[in-house]
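Taking it in order: structure first as structure tokens, then the write-up.
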Amino acid sequence: MPLDFTAIDFETANGSAASACSVGLIKVRNGRVVDRTGWLIQPPFPHDEFNEWNTRIHGLRAQDVVGAAGWVEQLPDLVAFAEGDALVAHNAGFDMGVIRAACAATALECPEFSYLCSLQVARKTYTLDSYRLPVAAMAAGFEDFPHHDALADAEACAAIVVHAAKRHGVATISDLAAVTGARLGRIGAAVAA
């Protein structure tokens, strides 16, 4: 099995995990980025208020998502882009929590995905003072990107995983998880709550 995965990053409008307002997706095949996409999301009511703190982090405001499709309309596009890949995210618990919470808030069944956390991988691959995404990405040779832009963050995450796999001499997401001791998690309908 080659190093195939989809890196994902969400930005949220407020402290609710269901308040996804932006997503970035990077498709990796054989260890190379082959496709990228991202879009704005209208968070579902009552999770749609934009908190000043979150806006300061990512720069997105309520007016930016006016006219954007909501989670119900966009989840099929996310699932189609990922094509059944393992998802990879930096601090994956947050991003998987967004998928779960947004599905729960909109009465949708959570899609099934396996996932790997690039933060866990980075901690077992590099010796750094901080494992925040910009620092870990720099260790992987991916620098000068607009942090908290969902697409840029997803690409930085992909760079960490590709670099770590090369450094550890492994060719699959499951092998990378095994060699680093990172958990290969699962979300979705078949996963016990």
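Worth a mention:
- Residue within the range 92-111 that is more than 28 Å from ASN54 (Cα to Cα) and out of contact with any helix residue (DSSP H, G or I) (no Cβ under 8 Å at 6 or more places or on another chain) present: no
- Yes/no for THR12 being under 19 Å from LEU133 (Cα atoms), at pLDDT 95 or above and polar (S, T, N, Q): yes
- Number of the condition not met by HIS148 [criteria: (1) in contact with a Leu (Cβ under 7 Å, 6 or more places away or on another chain); (2) of a type outside the set (A, V, I, L, M, F, W, C); (3) on the phi > 0 side of the Ramachandran plot]: (1)
The values are calculated or read from the model by the stated rules, or taken from the named source; none is laboratory data. A quick note: this is a predicted structure, and the numbers were derived from the prediction, not measured. Every residue, glycine among them, receives a Cβ derived from its backbone with ideal geometry; neighbour counts consider all protein chains shown.
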